[in-house]
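To start, the structure itself, in structure tokens.
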Amino acid sequence: MHSLDTIGLLVIGMAAVALVEIVIPLRALGPWGRAHRRPNLALTGITFATNLVFNALLVLGLVGLQANGLGLLNATALPPALAGTLVVIVLDFSFYVAHVAMHVRPSWWRFHAVHHCDPAVDVTTTIRQHPGEGVIRYGVMAAFACALGASPEAFAVYRAASAANGLLEHANLRAPRWLDRGLSLVTTWPHMHKIHHSRAPQQTNSNYGNLFSLWDRLFGTFTPSRFGTSVAYGLDGFDDPATQTTAGLLSLPFRAAAR
């Protein structure tokens with residue numbers, strides 16, 4: 001699917017989820033629920049623009065690898081369905097690796113803190129990220145995708161699934177406990193990822209997964225989703241209204257306070 005078409009579908013998806021948030025909200029977001037929309041949507045637009053470039057470059061690289069038979073999967077004769085499944089699994093693991101690294105490396109955390117310091121989490125938080133974070137994420141993903149020899153088609157499937165899951169895991173939607181518990185056995189929504197946006201460091205440094213909760217369970221970073229309905233969102237020390245503007249968030253990684 002063309003990147004512009006994907007962006008169009010994402011915009012439609014965000015609007016649809018926002019409407020559902022009105023009907024069955026998980027919680028009242030308070031004054032920040034309205035105040036964060038403008039900077040969140042501004043950063044979303046910037047991310048769409050930069051991701052067009054990153055996606056195009058990576059797809060061109062994957063096409064070149066495929067044409068020259070380079071990369072693990074291009075050197076094997078696996079059935080397309082199996083190869084595509086492996087690509088989705090490996091790229092999801094690459095997301096987990098990059099995400100953990102952004103919490104561990106101070107220089108990377110400065111960029112990722114832009115996403116985390118949102119005092120209210122809803123569907124507009126999904127793509128609230130600094131362009132520098134996009135460089136980090138795509139750099140790690142490109143390393144895994146190129147070594148694996150992922151096909152452009154399988155890469156597109158993973159990116160589409162990742163985007164859709166991102167809308168759901170950030171959405172301010174209420175779900176029955178039984179449904180939440182069941183879904184968290186496989187994936188990270190509706191409430192599991194909310195814990196990752198907690199102000200409490202022990203909760204923030206858990207539930208890093210993207211599509212699958214497997215990685216958190218496997219590497220000991222899992223916190224049960226039942227705690228995700230009552231966490232305090234954001235980061236201490238970042239609630240200043242001047243920080244929570246588009247300009248403030250874009251400059252945040254370059255200030256000494258962004259630790």
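The values are calculated or read from the model by the stated rules, or taken from the named source; none is laboratory data. Just so we're clear, the structure is a prediction, and the values are computed from it rather than from any experiment. Heads up, the Cβs are rebuilt from the backbone with ideal geometry, glycines too, and the neighbour counts pull from every protein chain shown.
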Subject >> The one condition in (1) surrounded by fewer than 21 Cβ atoms within 10 Å (Cβ to Cβ); (2) modelled with pLDDT of 95 or more; (3) of a type outside the set (D, E, K, R); (4) under 24 Å from Pro25 (Cα atoms) that Ser230 fails to fulfil >> reply: (2)
Original post:
Hey, Ser162 hits all of (1) surrounded by 23 or more Cβ atoms within 10 Å (Cβ to Cβ); (2) touching a residue at least 60 places away in the same chain (Cβ under 8 Å); (3) among the polar types (S, T, N, Q) but one; which does it fall short on?
Top reply: (1)
**OP:** Select from the range 134-151 the residues that are crowded, with 18+ Cβ neighbours inside 10 Å, over 19 Å from Leu43 (Cβ atoms) and not aliphatic (A, V, I, L, M) and list them in ascending order.
**Re:** Phe144, Gly149, Ser151
Original post:
So which residues in the range 119-133 are in a helix (DSSP H, G or I) and either touching a Pro at 6+ places or on another chain (Cβ under 7 Å) or among the hydroxyl-bearing types (Ser, Thr, Tyr) (or both)?
Top reply: Thr124, Thr125, Gly132
Original post:
Is it true that some residue in the range 55-69 is surrounded by 13 or more Cβ atoms within 10 Å (Cβ to Cβ) and in contact with a Leu (Cβ under 6 Å, 6 or more places away or on another chain)?
Top reply: no
Original post:
What is the residue count in the range 39-92 for residues that are within 29 Å of Gly248 (Cα to Cα) and β-branched (Val, Ile, Thr)?
Top reply: 5
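Scanning the range 32-49 for residues that are in a helix (DSSP H, G or I) and touching a Ser or Thr at 6+ places or on another chain (Cβ under 8 Å), which turns out farthest from Asp240 (Cα to Cα)? Show your work before the answer.
Of the residues in the range 32-49, the ones in a helix (DSSP H, G or I) are 32-35, 37-49.
After this cut, where a residue has to be touching a Ser or Thr at 6+ places or on another chain (Cβ under 8 Å) as well, the list is 37-44.
Working: Arg37: 16, Arg38: 16, Pro39: 14, Asn40: 16, Leu41: 19, Ala42: 18, Leu43: 18, Thr44: 21 Å.
Taking the candidates together, the pick is Thr44.
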Subject >> Pick from the range 238-259, criterion in a loop (DSSP other than H, G, I, E, B) and modelled with pLDDT of 95 or more, ranking: nearest to Gly45 (Cα to Cα) >> reply: Thr245
Subject >> Test for Leu9: is it more than 30 Å from Thr243 (Cβ to Cβ), within 19 Å of the chain's Cα centre (by Cα), at pLDDT below 95 and hydrophobic (A, V, I, L, M, F, W, C) >> reply: yes
Original post:
So which residues in the range 106-126 are surrounded by 24 or more Cβ atoms within 10 Å (Cβ to Cβ) and closer than 20 Å to Phe54 by Cα, if there are any at all?
Top reply: Val114, Thr126
Original post:
Among Leu29, Leu52, which is the only one that is in a helix (DSSP H, G or I), within 21 Å of the chain's Cα centre (by Cα) and either at pLDDT below 95 or not hydroxyl-bearing (Ser, Thr, Tyr) (or both)?
Top reply: Leu52
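Answer with yes or no whether Gly61 is among the small types (Gly, Ala, Ser), under 30 Å from Pro131 (Cβ atoms) and in contact (Cβ under 8 Å) with a residue 60 or more places away in the chain. Explain how you work it out, then say what you get.
Details: among the small types (Gly, Ala, Ser): yes; under 30 Å from Pro131 (Cβ atoms): yes; in contact (Cβ under 8 Å) with a residue 60 or more places away in the chain: yes.
Criteria met by Gly61.
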Original post:
In the range 121-133, which residues are in contact (Cβ under 8 Å) with a residue 40 or more places away in the chain and over 10 Å from the mean Cα position of the chain (by Cα)?
Top reply: Val121, Asp122, Val123, Thr124, His130, Pro131, Gly132
Original post:
Quick check: is even one residue across the range 84-92 out of contact with any helix residue (DSSP H, G or I) (no Cβ under 6 Å at 6 or more places or on another chain) and closer than 18 Å to Ser206 by Cα?
Top reply: yes
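Can you confirm whether the range 50-60 contains a residue that is touching a Ser or Thr at 6+ places or on another chain (Cβ under 8 Å) and under 23 Å from Ala247 (Cβ atoms)?
Of the range 50-60, the ones touching a Ser or Thr at 6+ places or on another chain (Cβ under 8 Å) are 51-52, 55-56.
Restricting the remaining residues to those that are under 23 Å from Ala247 (Cβ atoms) gives 51-52.
There is at least one residue in the range 50-60 that is touching a Ser or Thr at 6+ places or on another chain (Cβ under 8 Å) and under 23 Å from Ala247 (Cβ atoms).
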